[in-house]
Amino acid sequence: MLPQIDKNCLPRHIAIIMDGNGRWANEQGKDRLFGHYKGVESVRNTLEACAELGIGFLTLYAFSTENWNRPDEEVAGLMELLVSTIRAEVESLHKNNIKLSVIGEIDKLPTNARKELEEAFEVTKNNSGLNLIMALSYGGRWELVNAMKKIATKVKSNEIGLDEIDNDLLQSNLETAGVPDPELMIRTGGEYRISNFLLYQLAYSELYFADIHWPQFNKEHLFAAIAEYQKRERRFGKTGLQVNQLID
Ligand code: IPE
Ligand code: IPE
Ligand code: MG
C-alpha cells in the first residue's frame with residue numbers, strides 16, 4: 001500500500017473517531033471493555049504508521065462529553081484503561097519522539113488519570129516528532145461555548161474590542177490553538193456522523209469512513225485512507241478550473 005502514497009502531499013493533521021469497540025467485542029461474544037482494550041493495539045499501530053510517514057499531528061477521539069452518560073461500569077473501565085495505557089506507553093512515546101497533549105474538559109477526569117497524563121506531558125514535552133492529541137472528555141460544542149466565554153471575558157474587561165473578534169481570535173481560543181485544522185478525518189465503526197468532534201476545525205476536512213470497527217483498524221487501513229485523501233480535489237468553495245490554476 002505504501003507506494004501508492006505520495007509522500008509530498010501528506011495531510012499534516014489526521015483526526016480519527018475511533019468507533020466500534022463495543023460492537024466488535026459483542027461480535028466476539030465478549031463484553032464491551034474487551035473491545036476497548038483491543039482498541040489500544042490499533043492506536044499503537046496507527047501511531048507507528050503516522051510516525052513512519054512523518055505526519056505532524058494526530059488527534060484521537062477517545063472519550064466524548066456525551067460518553068460520560070454511559071453505564072458507570074463502562075466509564076470506570078475506560079478511565080482505568082486510560083491510566084494503565086498511559087503508564088505502559090509513555091516510555092515508548094518518548095523513545096519515538098512523540099509529544100502528547102490533550103484537548104477536552106480534563107478537570108472532569110479522575111485525579112489519577114489527570115496525574116498520569118500530566119506526567120506524560122512532562123516527559124514528552126520537548127519531543128519534536130509526531131504531536132499526539134488525545135480528545136478526552138471532549139465535545140466540539142463545549143469547546144465553542146468555552147471559547148466564547150473566554151472571548152466575552154476579554155471584551156467585558158476591555159482587553160479587546162468587538163471588532164477584534166475574527167476567525168483567528170476564535171481559533172486561538174479553541175482547545176486546538178496553534179494546531180492546523182485536520183485535512184483528513186477518519187471514522188471507523190460504520191456510522192456516518194461527526195458526534196460532536198472538532199465541529200469548527202472540520203469545516204473543510206476530507207471525511208473518510210472505514211467500514212470496520214476500531215479494533216480491526218491497522219496500518220493498511222490508514223494508508224488506504226491517505227491514498228483516498230490524495231485522490232480528492234479540495235476546492236474550498238472555488239471551481240475545479242481555479243483550483244487547477246487554469247483560470248484565476
Ligand atoms: C468507541 O467505541 C470508543 C468510545 C466511544 C469510548 P464504542 O464504545 O462507541 O463502540 P460501539 O460504537 O458501541 O460499538
Ligand atoms: C464517538 O463515538 C466518540 C468516540 C469515539 C470517543 P460514539 O460511539 O460516542 O458516537 P455515537 O454515540 O455513536 O454518535
Ligand atoms: Mg460508538
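Bear in mind these aren't lab numbers, they're just calculated from the coordinates by the rules spelled out. Everything numeric here is computed off the predicted structure, so don't read it as measured data. Here Cβ is always computed from backbone atoms with ideal geometry, including for glycine, and neighbour counts include all displayed protein chains.
Using the Kirkwood radius over C-alpha pairs as Rh, can you work out the diffusion coefficient of the range 130-248 via Stokes-Einstein at 4 °C, viscosity 1.567 mPa s, in µm² per second?
The diffusion coefficient I find is 76 µm²/s.
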> Want the number for Asp72 to Lys108: 0.36 nm per residue separation, take away the alpha-carbon distance, what's left?
Replying inline: 11.5 nm
>> Counting other C-beta atoms within 10 Å, and keeping those with at most 16, which DSSP coil GluC sites (Glu not before Pro) do you find in the range 155-196?
In response: Glu159, Glu191
> To one decimal place, what orientation-averaged projected area in nm² is obtained for the convex hull of the Cα set of the range 1-71?
Replying inline: 6.1
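Using Stokes-Einstein with the Kirkwood hydrodynamic radius over Cα pairs, what translational diffusion coefficient do you get for the chain at 10 °C and a viscosity of 1.306 mPa s, in µm²/s rounded to a whole number?
Calculated translational D: 82 µm²/s.
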> Can you give the FRET efficiency for Glu80 and Tyr204, using 1/(1 + (r/R0)^6), R0 = 45 Å, r = Cβ-Cβ distance, to the nearest 0.05?
Replying inline: 0.75
> aspartates and glutamates within cross-link reach of Lys238: Cα-Cα under 16 Å, excluding same-chain residues under 8 positions apart?
Replying inline: Glu206, Asp248
> How would you rank Thr111, Thr188, going from fewest to most other Cβ atoms within 10 Å of each one's own Cβ?
Replying inline: Thr111, Thr188
> What's the tally of Lys pairs in the range 28-125 whose alpha-carbon atoms lie under 18 angstrom apart, where the two lysines are 8 or more places apart or on different chains?
Replying inline: 5
> Over its Cα atoms, what ratio of radius of gyration to 2.2 N^0.38 Å does the range 46-94 give?
Replying inline: 1.43
> Using the alpha-carbon centroid of each, what span in Å lies between the range 189-203 and the range 18-64?
Replying inline: 17
> Highest mean first, what order results for 21-28, 238-245 on Cβ atoms within 10 Å?
Replying inline: 21-28, 238-245
> If the viscosity is 1.306 mPa s and the temperature 10 °C, what Stokes-Einstein diffusion coefficient in µm²/s follows for the range 78-163 when Rh is the Kirkwood radius over Cα pairs?
Replying inline: 108
> Hey, what does the equivalent ellipsoid look like for the range 1-135, semi-axes from the Cα gyration tensor as sqrt of 5 times each eigenvalue, largest first, whole Å?
Replying inline: 25, 20, 13
>> Counting other beta carbons within 10 Å of each residue's own, what order do Leu132, Leu100 fall into, fewest first?
In response: Leu100, Leu132
> Points 7 angstrom from Cα along the Cβ direction at Ser157 and Arg23: gap in nanometres?
Replying inline: 4.7
> For Asn45 and Asp31 in the same chain, what is the full-extension length gain: residue separation times 0.36 nm, less their Cα-Cα distance, in nm?
Replying inline: 2.8 nm
